[in-house]
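*Asks:* Quick one: this structure, given as structure tokens, is what I'll be asking you about.
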Amino acid sequence: MRKMLLAALSRVLQGPAAAARPGAVSEVSRVVVASRNYADFASEATFDIKKCDLHRLEEGPPVTAVLTREEGLHYYKTMQTIRRMELKSDQLYKQKIIRGFCHLYDGQEACCVGLEAAIKPTDHLITAYRAHGYAYTRGTSVREILAELTGRKGGCAKGKGGSMHMYAQNFYGGNGIVGAQVPLGAGIALACKYFGKDEICLTLYGDGAANQGQIFETYNMAALWKLPCIFICENNRYGMGTSVERAAASTDYYKRGDYIPGIRVDGMDILCVREATKFAAEHCRSGKGPILMELQTYRYHGHSMSDPGISYRTREEIQEVRSKSDPITLLKDRMLNNSLSSVEELKEIDVEVRKEIEEAAQFATTDPEPPLEELGNHIYKNEPPFEVRGPSQWIKYKSVG
Amino acid sequence: MGPIGRGRGKMAAAAGALRRLVRCRPQQGLGRLLQLRSGIHGSAPAAVQVNVRDALNQALDEELERDERVFLLGEEVAQYDGAYKISRGLWKKYGDKRIIDTPISEMGFTGIAVGAAMAGLRPICEFMTFNFSMQAIDQVINSASKTLYMSAGMVPVPVVFRGPNGASAGVGAQHSQCFAAWYGHCPGLKVVSPWSSEDAKGLLKASVRDDNPVVMLENELMYGVPFEMSEAAQSKDFLVPIGKAKIERQGTHVTLVSHSRSVGHCLEAAAVLVKEGVECEVINLRTIRPMDVESIEASVVKTNHLITVEGGWPQFGVGAEICARIMEGPAFNYLDAPAVRLTGADVPMPYAKILEENCLPQVKDIIFAVKKILNI
């Protein structure tokens with residue numbers, strides 16, 4: 001009874017009153033907090049999620065999803081970490097501490113976090129160059145990611161890979177050549193089938209890459225051999241500066257696999273992504289062969305840090321997505337409106353996240369660059385040490401695998 | 001014994017049976033008969049004649065048997081027994097899981113092979129000819145050769161790309177290119193180029209067991225050529241080390257360095273020249289990358305003259321690299337004449353027989369070059 005009363009009170013006051021009487025909200029919050037304990041949070045809540053468009057499927061993912069408090073807090077923290085990590089990267093790039101290519105993922109967090117929530121750590125994942133979020137969800141620390149971006153020896157690839165070449169256990173990058181990761185992903189799926197350990201491979205590509213010929217070659221072989229591969233098109237509406245309408249005769253990316261069943265998913269809703277991926281994973285694990293998911297998502301940044309991102313789309317469009325479809329805000333609202341968390345608790349998480357990012361950035365800017373000796377290493381695996389030629393015949397580097 | 005025994009030819013099988021009988025008798029009678037039969041290059045008693053095709057087939061069979069993670073994929077490798085019959089009998093023996101027919105999708109299936117290697121398998125990816133590998137070259141270079149480096153050692157790519165390379169007979173310009181220089185250019189790859197059956201078998205086995213991406217450049221015209229295989233070479237653990245050249249013929253007057261089919265031409269030229277008192281040292285590179293420059297240098301220090309012979313085009317080719325490396329090393333001071341390159345003619349390969357013949361270094365060209373460099 002008390003719980004319901006408090007919940008009702010906080011809901012009422014977090015509504016329109018919040019704008020009119022900001023002081024009142026915090027007054028109420030303090031009062032509410034004082035009498036709140038964990039028993040006042042719901043342990044879970046059920047949400048309606050958007051029905052997915054289906055291609056060659058009789059049934060699709062469920063239209064409701066259960067979110068537990070733990071899951072919600074975990075997803076929130078993870079998405080917020082990725083968001084802040086990407087914004088920090090933007091900052092470091094503008095300070096010229098990060099060089100070269102830097103393709104940021106902010107706006108698309110629900111995709112990588114939702115996917116990971118539906119699979120196991122023993123499953124496999126490969127994506128293209130907009131990969132920092134996946135490097136994180138697949139187990140690389142923010143420290144190692146930022147230090148890789150700044151080209152330091154503490155980077156996850158010792159500073160030798162950079163933004164587009166980060167790897168982790170069962171995470172195969174981070175690939176720079178548009179579309180090339182798709183056949184690779186099918187090959188990983190072939191290995192999954194070969195080893196027979198019930199593992200699957202998630203193979204991601206963008207709306208731009210979706211027009212690559214090698215993807216269609218891969219669809220064919222994956223379907224022919226029933227490879228346990230989920231093809232995932234992250235459709236963020238723009239391939240660099242080219243909108244989907246200008247690049248594709250058919251923008252129904254979930255149908256482009258033709259004979260491969262497909263699902264179109266709201267990529268801004270983490271629960272939608274999670275449920276669809278669970279559905280797709282089950283499809284693959286049951287031996288039915290590949291399946292295709294199109295995640296409709298959006299990137300706030302331009303294609304890369306050298307693209308302001310407003311020559312081919314309007315600021316209004318970007319702002320509209322931010323205000324109406326931001327994945328973190330959507331999750332936050334759901335949690336607050338269903339007593340899965342509180343403003344304070346989420347704020348605490350925000351503070352923790354900011355701290356983690358700051359510390360990681362501090363590390364990434366102070367860690368030394370890799371020693372010159374590293375230049376010759378990792379040419380061959382399991383090879384006795386040999387010499388690698390430098391810019392002239394007198395400059396040689398030792399190479400160990 | 002199965003299909004592989006049949007593949008070795010009835011003569012070889014019979015020779016094998018006889019060999020076992022002969023070993024308990026003194027080296028007379030049947031033993032002598034076998035020795036006389038044993039062919040071109042003289043003989044050890046237990047050697048057999050095996051052509052390159054069968055040597056490759058043996059290597060594939062042995063490596064498939066040895067390691068379950070090894071599998072073969074490519075066009076026509078399974079039910080057709082291989083476009084050039086290299087994989088004859090293997091699909092029957094190992095089935096669909098280990099021998100996979102692919103659609104005509106080089107970029108796709110090469111990427112699949114590379115991905116499978118990244119995930120722990122040990123694929124052998126066959127290109128029907130290396131000309132078609134150009135469609136997939138991004139996967140070979142950007143996905144396979146560079147990944148270990150980019151990942152700072154985290155992701156090895158143990159894949160073998162193999163198939164016929166270079167000129168065949170009358171197949172025209174689009175089917176005759178040599179890719180030794182193209183692949184040899186790239187760090188992270190190993191590139192091997194067998195000539196004899198021992199080379200083919202030992203290098204293929206070594207390549208499969210190597211944890212790195214290996215490009216193996218075979219030659220279609222060599223597939224049917226028989227070579228003597230020593231008893232050691234017939235063992236299931238026979239390996240030819242990658243990165244080491246072989247001196248096929250000792251000599252003192254000039255060093256002939258070659259790879260693949262041209263090695264045979266060098267030996268033929270040497271056999272003619274010996275009659276005129278010229279002793280050629282013939283080096284079979286066996287590996288393009290990493291190249292065994294030390295062996296070439298040691299030879300040049302001895303002979304003071306260097307000729308490189310290859311089928312590929314001259315610009316930026318294998319011979320060009322050898323000459324540059326010799327210039328940079330101690331052997332330069334021992335050269336009595338500038339190094340000479342014999343290469344394919346600098347044109348796309350024509351079809352007409354007389355034109356095609358004249359687009360590749362022939363025995364007469366090697367002899368001419370030797371005499372020119374020695375001023376005789």
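*Asks:* Take the range A:262-282 and flag every residue that is in contact (Cβ under 8 Å) with a residue 24 or more places away in the chain and either of a type in the set (Val, Ile, Thr) or over 23 Å from A:Lys324 (Cβ atoms) (or both).
*Replies:* Listed by number, the residues that qualify are A:Gly262, A:Ile263, A:Val265, A:Ile270, A:Val273, A:Thr277, A:Lys278, A:Phe279, A:Ala280, A:Ala281.
*Asks:* On the basis of being under 17 Å from the mean Cα position of the chain (by Cα), crowded, with 18+ Cβ neighbours inside 10 Å, farther than 18 Å from A:Tyr238 by Cβ and not small (Gly, Ala, Ser), does A:Met335 make the cut?
*Replies:* no
*Asks:* Being touching a residue at least 40 places away in the same chain (Cβ under 8 Å) and out of contact with any Asp or Glu (no Cβ under 9 Å at 6 or more places or on another chain) is the filter; apply it to the range A:190-209 and report the residue that is nearest to the other protein chains (Cβ to nearest Cβ).
*Replies:* Checked the range A:190-209; the qualifying residue nearest to the other protein chains (Cβ to nearest Cβ) is A:Thr203.
*Asks:* Still on this model: Would you check which residues across the range B:226-265 are assigned to a strand (DSSP E or B) and either touching a residue at least 60 places away in the same chain (Cβ under 8 Å) or of a type outside the set (Asp, Glu) (or both) and list them?
*Replies:* Result: B:Pro226, B:Phe227, B:Glu228, B:Met229, B:Lys246, B:Ile247, B:Arg249, B:Val254, B:Thr255, B:Leu256, B:Val257, B:Ser258.
*Asks:* Go through (1) of a type outside the set (Ser, Thr, Tyr); (2) more than 14 Å from every other protein chain (Cβ to nearest Cβ); (3) more than 20 Å from the chain's Cα centre (by Cα) and name the single condition A:Arg322 misses.
*Replies:* With (1) of a type outside the set (Ser, Thr, Tyr); (2) more than 14 Å from every other protein chain (Cβ to nearest Cβ); (3) more than 20 Å from the chain's Cα centre (by Cα) applied to A:Arg322, the lone miss is (3).
*Asks:* Follow-up. Can you name every one of the helices (runs of 4 or more DSSP H) wholly within the range B:281-369 that holds 3 or more residues which are under 16 Å from B:Ala181 (Cβ atoms) and within 14 Å of chain A (Cβ to nearest Cβ)?
*Replies:* B:318-328
*Asks:* So, one more: Filter the range A:363-400 down to the residues that are among the hydrophobic types (A, V, I, L, M, F, W, C) and either surrounded by 13 or more Cβ atoms within 10 Å (Cβ to Cβ) or over 38 Å from the mean Cα position of the chain (by Cα) (or both) and list them by number.
*Replies:* A:Phe363, A:Ala364, A:Leu375, A:Ile379, A:Phe386, A:Val388, A:Trp394, A:Ile395, A:Val400
*Asks:* Do you know which of the residues in the range A:348-401 that are among the aromatic types (Phe, Trp, Tyr) and free of Cβ contacts under 8 Å to residues at least 60 places away in the same chain is nearest to B:Leu148 (Cα to Cα)?
*Replies:* Checked the range A:348-401; the qualifying residue nearest to B:Leu148 (Cα to Cα) is A:Tyr380.
*Asks:* Name the strands (runs of 3 or more DSSP E) wholly within the range B:144-225 that hold at least 3 residues that are out of contact with any Gly (no Cβ under 9 Å at 6 or more places or on another chain)?
*Replies:* B:160-164
*Asks:* Please enumerate the residues belonging to the range B:129-161 that are in contact (Cβ under 8 Å) with a residue 60 or more places away in the chain and within 24 Å of B:Asp67 (Cβ to Cβ).
*Replies:* B:Val140, B:Ala144, B:Ser145, B:Leu148
Residue-by-condition table, conditions (1) in contact with a Gly (Cβ under 6 Å, 6 or more places away or on another chain); (2) not hydrophobic (A, V, I, L, M, F, W, C):
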| site | (1), (2) |
| --- | --- |
| B:Leu256 | no, no |
| B:Glu268 | no, yes |
| B:Ala271 | no, no |
| B:Val274 | no, no |
| B:Val278 | no, no |
| B:Ile288 | yes, no |
| B:Val309 | no, no |
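*Asks:* Sticking with this structure for a sec: Could we say that B:Glu75 is surrounded by fewer than 24 Cβ atoms within 10 Å (Cβ to Cβ), touching a Leu at 6+ places or on another chain (Cβ under 8 Å) and on the phi < 0 side of the Ramachandran plot here?
*Replies:* It is false that B:Glu75 is surrounded by fewer than 24 Cβ atoms within 10 Å (Cβ to Cβ), touching a Leu at 6+ places or on another chain (Cβ under 8 Å) and on the phi < 0 side of the Ramachandran plot.
*Asks:* Any residue that is in contact with a helix residue (DSSP H, G or I) (Cβ under 6 Å, 6 or more places away or on another chain) and either without any contact (Cβ under 8 Å) to a residue 40 or more places away in the chain or within 14 Å of chain B (Cβ to nearest Cβ) (or both) - is there at least one of those in the range A:328-339?
*Replies:* no
*Asks:* For the range A:46-82, give me each residue that is assigned to a loop (DSSP other than H, G, I, E, B) and either closer than 13 Å to A:Gly114 by Cα or out of contact with any helix residue (DSSP H, G or I) (no Cβ under 9 Å at 6 or more places or on another chain) (or both).
*Replies:* Hits for the range A:46-82 are A:Lys51, A:Glu58.
*Asks:* When the residues of the range B:190-212 are filtered to those that are basic (Lys, Arg) and touching a Leu at 6+ places or on another chain (Cβ under 9 Å), which remaining residue is nearest to the other protein chains (Cβ to nearest Cβ)?
*Replies:* Out of the qualifying residues, it is B:Arg209.
*Asks:* Output the number of residues of the range A:210-234 satisfying the condition of being surrounded by fewer than 24 Cβ atoms within 10 Å (Cβ to Cβ) and either among the β-branched types (Val, Ile, Thr) or within 13 Å of another protein chain (Cβ to nearest Cβ) (or both).
*Replies:* Total meeting the criteria: 9.
*Asks:* Scan the range B:103-129 for residues that are within 7 Å of chain A (Cβ to nearest Cβ) and not in a helix (DSSP H, G or I) and report the count.
*Replies:* 5
*Asks:* Please work out if B:Pro187 is buried (at least 21 other Cβ atoms within 10 Å of the Cβ), at pLDDT 95 or above and within 10 Å of chain A (Cβ to nearest Cβ).
*Replies:* When the stated conditions are applied, B:Pro187 does not pass them.
*Asks:* If you go through the range A:169-187 one residue at a time, how many are more than 7 Å from every other protein chain (Cβ to nearest Cβ), surrounded by fewer than 22 Cβ atoms within 10 Å (Cβ to Cβ) and either under 13 Å from B:Ile112 (Cα atoms) or among the aliphatic types (A, V, I, L, M) (or both)?
*Replies:* 1
*Asks:* Would you check which residues across the range A:345-401 are more than 9 Å from chain B (Cβ to nearest Cβ) and in contact with an Asp or Glu (Cβ under 6 Å, 6 or more places away or on another chain) and list them?
*Replies:* The one that is more than 9 Å from chain B (Cβ to nearest Cβ) and in contact with an Asp or Glu (Cβ under 6 Å, 6 or more places away or on another chain): A:Lys396.
*Asks:* List the residue pairs whose Cβ atoms are under 8 Å apart, where the first residue sits in the range B:64-87 and is free of Cβ contacts under 8 Å to residues at least 24 places away in the same chain, the second is surrounded by fewer than 17 Cβ atoms within 10 Å (Cβ to Cβ) and assigned to a loop (DSSP other than H, G, I, E, B), and the two are 6 or more positions apart or on different chains.
*Replies:* Between residues of the range B:64-87 that are free of Cβ contacts under 8 Å to residues at least 24 places away in the same chain and residues that are surrounded by fewer than 17 Cβ atoms within 10 Å (Cβ to Cβ) and assigned to a loop (DSSP other than H, G, I, E, B), the close pairs are B:Ala78/B:Asp96.
The values are calculated or read from the model by the stated rules, or taken from the named source; none is laboratory data. What you see is a predicted model; the values in this text were computed from it and never measured. Note that we place each Cβ from the backbone using ideal geometry, even for glycine, and neighbour counts take in every protein chain shown.
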